[in-house]
Amino acid sequence: MSASTAPSTPRLPGIVAGRYQPVRELGRGGMGAVYEAVHTWTGRRVALKTLLPHLAGDAAAVERFRREARAGVQGAHPHIVEVLDMGVDPDDGTTYLAQELLLGEDLAALLAREAPLTLQRAYELLIPVMAALDAAHRAGVVHRDVKPGNVFLARGAGGAVVPKVIDFG
């Protein structure tokens, strides 16, 4: 394969906000990209979500990003992804959101592999999700896009599965 036909590898951004060093891209959507990153001062691994550059001047897109950050703080719950930091890089204007880094897979991947789930398994996975959504609603936050792809099945201590609601934007 020639260089002109080789698939392109996404270029990682440099250090974001003076403290988050992207390590690898985890995913990309219509509004942003998510990277595994390391906090340069503490060494903590995080999921760093960045708003795509062409949306930086879009007030509605920036507000959706802010809503996602608030949801992870206001709806603080063990089954909602934890938001650690949010801001705008003063050097290049990148809008970013740092969240706990989750290891595992989303519910959509599990369903693609194992559907249909037993009633017991569905209950074990969805009761925590409903509790998380209840906590968010009590905090005045509505998810607006609840789907299997936005329920992450994180591996917790001892390999336990911990459902986490993600992507409140």
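No lab work stands behind these numbers, since they all come straight from the coordinates. Here the structure is a predicted model, which is why all the values come from computation and not from measurement. All Cβ positions, glycine included, derive from the backbone under ideal geometry; neighbour counts span all protein chains shown.
Structure summary
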read-out	value
For the chain, calculated [θ]222 nm from helices alone, where every DSSP H run of n ≥ 4 adds -39500 (n - 2.57)	-8500 deg cm²/dmol
Under 5 Å, built H, 5+ apart or other chain: amide partners of LEU52	GLY32, ALA33
Other-chain or far-sequence residues with amide H under 5 Å of ASP106's (modelled H)	LEU153
Under the Karplus curve 6.51 cos²θ - 1.76 cosθ + 1.60, θ = phi - 60°, whole-Hz ³J(HN,Hα) for the range 99-111, x wherever Gly or Pro sits	10, 4, 7, 9, 10, x, 8, 8, 4, 4, 5, 4, 5
Mean separation of Cα contacts under 8 Å (6+ apart) over length of the range 17-89, as relative contact order %	22
Protection proxy ranking of 148-156, 111-119 - average other beta-carbon atoms within 10 Å, highest first	148-156, 111-119
Listed residues PRO148, LEU110, VAL34: farthest to the positive end of the dipole of the chain (Cβ charges)	LEU110
With Cα atoms, 0 to 90° folded angle of helix 119-138 axis to the chain main axis	60
The chain: angle of helix 59-74 to the longest principal axis, Cα-based, in degrees nearest 10	50
Orientation-averaged projected area, Cα convex hull of the range 11-169 (nm²)	10.0
